[in-house]
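Have a look at the structure below, then the notes.
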Amino acid sequence: MSLDALLSTPRTTSEVLDTILIHVRPYQWYAFDAAVACTAVWTLLRWLRTSRRQVHTTQLRGPPSESSLYGVNKRILDAENSGAIYEAWAVEYGSVYAIPSTLGKKKIILNDPKAIAHFYSKDTWTYTQTPGSRKVLANMVRG
């Protein structure tokens with residue numbers, strides 16, 4: 001019986017699946033099953049990481065997202081004076097707030113000099129000056 005004939009006659013779902021499994025090579029299903037399993041595991045891990053991060057961190061106030069794709073980035077890029085937008089948010093939400101970014105991510109904005117100094121004192125990876133970078137900076141300043 002051909003696959004077209006099988007699909008054209010009314011049958012139960014399990015009979016159709018059994019017939020399809022007979023006609024499809026097993027390694028094709030193994031690859032498909034592996035892809036589905038990997039996608040499911042990846043999705044579960046992303047969900048767990050996101051939900052755990054939300055539970056263990058302080059929820060910062062901030063402006064609502066205008067778009068699930070762009071967040072508030074489109075508004076900032078289209079504005080003539082984006083600094084005024086950040087200043088208005090600092091007045092409304094305080095010196096530390098979170099803004100929605102691209103694809104549902106968040107950016108944390110620091111407006112307090114002490115908070116910025118504390119951040120850079122703890123984040124040694126971003127704010128490091130190796131001897132080589134000091135020489136390059138000294139050469140650029142000297143001219």
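The values are calculated or read from the model by the stated rules, or taken from the named source; none is laboratory data. It should be emphasised that the depicted structure is a prediction, and the values quoted were computed from it without experimental measurement. Here the Cβ positions follow ideal geometry from the backbone for every residue, glycine too, while neighbour counts run over all protein chains shown. To get the accessible areas, we keep the full protein, side chains included, count just its heavy atoms, and leave off ligands, DNA and RNA. Shrake-Rupley method; radii C 1.70, N 1.55, O 1.52, S 1.80 Å.
Data overview
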read-out	value
Candidates Gly62, Gly71 - the one that is surrounded by 15 or more Cβ atoms within 10 Å (Cβ to Cβ), in contact (Cβ under 8 Å) with a residue 40 or more places away in the chain and of a type outside the set (Ser, Thr, Tyr)	Gly62
Selected residue (criterion: nearest to Thr50 (Cα to Cα)) from residues of region 93-116 that are of a type outside the set (A, V, I, L, M, F, W, C) and without any contact (Cβ under 8 Å) to a residue 12 or more places away in the chain	Lys107
Qualifying residue in region 81-89 (condition: of a type in the set (Asp, Glu), open to solvent by 70 Å² or more (accessible area, probe 1.4 Å) and more than 24 Å from Phe119 (Cβ to Cβ))	no
Enumerated helices (runs of 4 or more DSSP H) restricted to region 7-80, each holding at least 3 residues that are at pLDDT 80 or above, of a type in the set (A, V, I, L, M) and under 15 Å from the mean Cα position of the chain (by Cα)	26-56
Selected residue (criterion: modelled with the lowest pLDDT) from residues of region 112-143 that are open to solvent by 100 Å² or more (accessible area, probe 1.4 Å) and not in a helix (DSSP H, G or I)	Tyr127
Count - residues of region 84-111 that are modelled with pLDDT under 90, assigned to a helix (DSSP H, G or I), out of contact with any helix residue (DSSP H, G or I) (no Cβ under 8 Å at 6 or more places or on another chain) and not hydrophobic (A, V, I, L, M, F, W, C)	1
